[in-house]
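Below is one structure, written out as structure tokens; the observations come after it.
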Amino acid sequence: MTLDKQLLAMLVCPLCQGKLKYDREAAEVKCHFDGLAFPIRDGIPVMLEEEARVMDTDEKLGKGSSGGDSA
């Protein structure tokens, strides 16, 4: 399931208000500045810090195996 492009354009990180990147394969939106990946459940991004996954160092630097689509 893909997210609506207008929704993606409006989403920002709830911590730093920075731009997020959409990772379709992982069903997440990612903030590389804070190193957090927010899950997408039933097509809805869950923008809660306590629900976010902490990304590893390679992922934060964009060296992960899955290339996300920019929002």
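Do you know which of the residues in segment 58-68 that are outside any helix (DSSP H, G or I) and open to solvent by 80 Å² or more (accessible area, probe 1.4 Å) is modelled with the highest pLDDT? It would help to see each step written out before you state the result.
Initial filter on segment 58-68 (outside any helix (DSSP H, G or I)): 61-68.
Those still in the list that are open to solvent by 80 Å² or more (accessible area, probe 1.4 Å) too: 61, 63, 65.
On the way: L61: 83, K63: 72, S65: 49.
Here the residue is L61.
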Problem - Every pair of residues 6+ apart whose Cβ atoms lie under 8 Å, when the first sits in segment 2-18 and is modelled with pLDDT of 90 or more while the second is in a loop (DSSP other than H, G, I, E, B) and charged (D, E, K, R) - result: C13/D34; L15/D34; C16/D34; G18/D34
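So how many residues does segment 7-57 have that are small (G, A, S), open to solvent by less than 30 Å² (accessible area, probe 1.4 Å) and under 12 Å from the mean Cα position of the chain (by Cα)? Talk me through it step by step, then tell me what you get.
Within segment 7-57, the first condition is being small (G, A, S), and the residues that meet it are 9, 18, 26-27, 35, 37, 43, 52.
If we keep only those that are open to solvent by less than 30 Å² (accessible area, probe 1.4 Å) as well, we get 18, 35, 37, 43, 52.
Filter once more, so that each one left must be under 12 Å from the mean Cα position of the chain (by Cα): 18, 35, 37, 52.
Adding up the residues that qualify gives 4.
The values are calculated or read from the model by the stated rules, or taken from the named source; none is laboratory data. In this text, all values refer to a predicted model and were calculated from it rather than measured experimentally. In this analysis, Cβ positions are derived from the backbone assuming ideal geometry, glycine residues included, and neighbour counts consider all displayed protein chains. The accessibility values were calculated without ligands, DNA or RNA, using every heavy atom of the protein model including side chains. Shrake-Rupley method; radii C 1.70, N 1.55, O 1.52, S 1.80 Å.
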